[in-house]
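Everything on this sheet refers to the single structure shown next.
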Amino acid sequence: MCGIIAYAGHRPAVPVLIQGLKSLEYRGYDSAGLAFVHRESLHLFRASGKLEALETKLDSDHVLHATSGIGHTRWATHGLPNETNAHPHLDINAHLAIVHNGIIENFQDLKTMLAGFGCSFRSETDTEVLVCLISQRLKEGGSIPEAISWALNLIEGSYAFALISKNHPGTIWAARQASPLIFGQGTGENFVASDIPAFLPFTRDVIFLEDNELVEMNSDQWTVYDARTLEPITKDIQAISWDVQAARKGGYKHYMLKEIFEQPQVIRDCMTGRIERKTWNIQLPEIESLPIPKRLHIIACGTSFHAGLWGKYLMENLARIPVDVEIASEFRYKPLVTEEDKVYLTISQSGETADTLAALALVKKHGFPVLGLCNVVGSSIARESDHVIFTQAGPEISVASTKAMCSQLVLIFLLSLYWARRKKLLDSQAVENAVGSLTALPDKLELELPVMRERAAVISRTYSASRSFFFLGRGIYYPLALEGALKLKEISYIHAEGYAAGELKHGPIALIDPDFPTLAIAPDDSLLGKIKSNLKEIQARKGKIIALTQDGTGLNVDDEWTIPKTWGALNSFFILPALQLFAYETAVYLGKDVDQPRNLAKSVTVE
Ligand code: AGP
């Protein structure tokens, strides 16, 4: 996620902007920039890399004269992390400057339209298209709010932006749609930012702007409008009591909890630009040139490996493509068995995991195509892959991976549908049903997460003294059982094993006793009867059972945890956060360091 800060007030703007961007650094970024108006000219400073690189460029004497401006830290989603693609972006006449967070889905169509008006572009970004759209409308007269409103009626996707004009020094316009933007009211100064920490040292009086709201502000005044109709909207100021740390976590106690609750938005962001709105067709331009694989070989570590194993079940079921899934540290040290028409898929949130990177290099050395599924643009695995799909989950700060896995599952789901459609195994109606269910999921999950958290907190109290746990699942939920066990292990330090439920009789059931509980994933599907038999075997040995299940399954267990029901494999998007929250609430109850668990690193860049 990019960071935005805009300031209009009585202080020198540049130090305020730099300080604001520094307070947003925790969100992760790969380039930065700022712009301000001084003596009827727009001054623009940008740098790839960290803020220090930007600060070394702020050498002009105007830097301390401007008392308003905009700043940005960029988390690349379109275009490489370099200075050309860094924000702010100017229109071609350098009258306007804009900083933007979000993804404009139809920016290529708009770029083509603007080129028809003679517009030219300097960058690969969707943001530059937005500022050129506004500039194009201004040529026909009218106010900046009118030009903004016109432009916003044309774009599709998510945005939070701040804009300045050399012809209106001291005034800033900002608007949002599906991307956070907060207004801060000071004394003789006003702010807009993506996140409260950016201006918390200056004011605690805020307005959380809502979708389709546009704010026009200068040092002394501000007005909020409906961004489409330009009707003024009355808004109430809220006083924030958070400290800076709490503000960085959006008021959540831990980054992990914040990132678990970000998952509904992550599902929306993963779909942005990938579902053609009218036809529901899946669009994955990143792999259009890649032939449909006869066989897919997935390589990953940890949580990403679990996502890959989940993908095996889905890909084989929907696209009828045989899938092998291997742990990278095992794959890299065995002889490579080559096979024609095989595609290798490396899955990695960080894109820097040493074993996965080494496995990728081994495959490339043998001349096989590698598709990367990564969250970090510009990461090593992203750069080394022949094709790369970015999960667009935004920076994941907590060591325990949560929203990244959610994004990996969404992309694997879309990839499976994409290849199934191209193999004519699914008709457009089937794809529309599946994509329609996925599209409906975020709102349902948003409602369910608070309920899940409460249930997780109650159940975790009962079992937090356990010395070991089984996590059981069948079919596509077996990988989620592995993931639930990993989450519990890595943040609560309780030993846990994920198992295919059918494996119990082949040894593990010897461990069952009243102090060795089992969390069973038992949705209402074709394998429910089998799971019920497994649970009876556990109960016969006085083992305690938590069942993550759905209405009507009629389970008689110690703790029944009912979650909503949806289409097929998409039930995973309710089960996964429940497992994450169970581990989270257990770890919090045990007083563990949830975001920085002992012995762990966010990215394992060494063997
Ligand atoms: C997951 O909670 C862990 N932090 C870890 O297993 C992680 O998934 C693994 O190290 C792989 O990381 P990557 O996705 O960045 O390659």
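The values are calculated or read from the model by the stated rules, or taken from the named source; none is laboratory data. Nothing here was measured: the structure is a model prediction, and the numbers come from that model. For neighbour counting, all protein chains shown are included, and Cβ atoms are generated from backbone atoms with ideal geometry for every residue, glycine included.
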Taking region 454-497 and keeping residues part of a strand (DSSP E or B) and either hydrophobic (A, V, I, L, M, F, W, C) or buried (at least 24 other Cβ atoms within 10 Å of the Cβ) (or both) leaves 469, 470, 471, 472, 473, 496
Which of the residues that make up region 267-299 are among the charged types (D, E, K, R) and either closer than 25 Å to residue 497 by Cα or touching a residue at least 12 places away in the same chain (Cβ under 8 Å) (or both)?
-> 268, 269, 274, 277, 286, 294, 295
The listed residue being part of a loop (DSSP other than H, G, I, E, B) and modelled with pLDDT of 95 or more, out of 543, 554 | 543
Within region 138-183, work out how many residues are among the charged types (D, E, K, R), assigned to a strand (DSSP E or B) and touching a His at 6+ places or on another chain (Cβ under 7 Å).
-> 0
Among the listed residues 394, 302, which satisfies the condition of being more than 11 Å from the ligand (Cβ to nearest atom) and touching a residue at least 60 places away in the same chain (Cβ under 8 Å)?
-> 394
Output the qualifying pairs, or none if there are none: Cβ atoms under 6 angstrom, residues six or more apart or on different chains, first residue in region 343-365 and of a type in the set (Asp, Glu), second residue in a helix (DSSP H, G or I) and modelled with pLDDT of 95 or more.
-> 355/328; 355/329
Assess whether residue 123 counts as being surrounded by fewer than 21 Cβ atoms within 10 Å (Cβ to Cβ) and within 17 Å of residue 90 (Cβ to Cβ).
-> yes
Can residue 401 be described as within 13 Å of the ligand (Cβ to nearest atom), without any contact (Cβ under 8 Å) to a residue 40 or more places away in the chain and of a type in the set (S, T, N, Q)?
-> no
Looking at region 316-333, is at least one residue over 21 Å from the mean Cα position of the chain (by Cα), farther than 25 Å from residue 476 by Cβ and either surrounded by fewer than 15 Cβ atoms within 10 Å (Cβ to Cβ) or not hydrophobic (A, V, I, L, M, F, W, C) (or both)?
-> yes
Every pair of residues 6+ apart whose Cβ atoms lie under 9 Å, when the first sits in region 218-234 and is farther than 15 Å from residue 184 by Cα while the second is surrounded by fewer than 16 Cβ atoms within 10 Å (Cβ to Cβ) and of a type in the set (Val, Ile, Thr) | 232/223; 233/223
Could you identify the single residue in 440, 420 that is surrounded by fewer than 23 Cβ atoms within 10 Å (Cβ to Cβ) and part of a helix (DSSP H, G or I)?
-> 440
Assess whether residue 566 counts as being away from the ligand (no atom under 16 Å from the Cβ), touching a residue at least 40 places away in the same chain (Cβ under 8 Å) and under 27 Å from the mean Cα position of the chain (by Cα).
-> yes
Can you find a residue in region 405-414 that is farther than 30 Å from residue 494 by Cβ and more than 16 Å from the ligand (Cβ to nearest atom)?
-> yes
Evaluation of residue 467 against (1) within 24 Å of residue 567 (Cβ to Cβ); (2) touching a strand residue (DSSP E or B) at 6+ places or on another chain (Cβ under 8 Å) (one fails), failing number = (1)
Of the numbered conditions (1) free of Cβ contacts under 8 Å to residues at least 40 places away in the same chain; (2) touching a strand residue (DSSP E or B) at 6+ places or on another chain (Cβ under 9 Å), residue 115 satisfies every one except a single condition; which is it?
-> (2)
Search region 501-523 for residues that are touching a residue at least 60 places away in the same chain (Cβ under 8 Å) and surrounded by 21 or more Cβ atoms within 10 Å (Cβ to Cβ) and pair each with any residue that is outside any loop (DSSP other than H, G, I, E, B) and not polar (S, T, N, Q) when their beta-carbon atoms are under 6 Å apart and the residues are at least 6 apart or on different chains.
-> 519/471; 519/546
Checking residue 559 against (1) closer than 24 Å to residue 314 by Cβ; (2) in contact with a strand residue (DSSP E or B) (Cβ under 9 Å, 6 or more places away or on another chain); (3) in contact (Cβ under 8 Å) with a residue 40 or more places away in the chain, which test does it fail?
-> (1)
Output yes when any residue across region 289-297 is within 16 Å of the ligand (Cβ to nearest atom) and closer than 19 Å to residue 368 by Cβ, and no when none is.
-> no
The correct count of residues that are in a helix (DSSP H, G or I) and either within 20 Å of residue 480 (Cβ to Cβ) or within 14 Å of the ligand (Cβ to nearest atom) (or both) in region 575-607 is 13
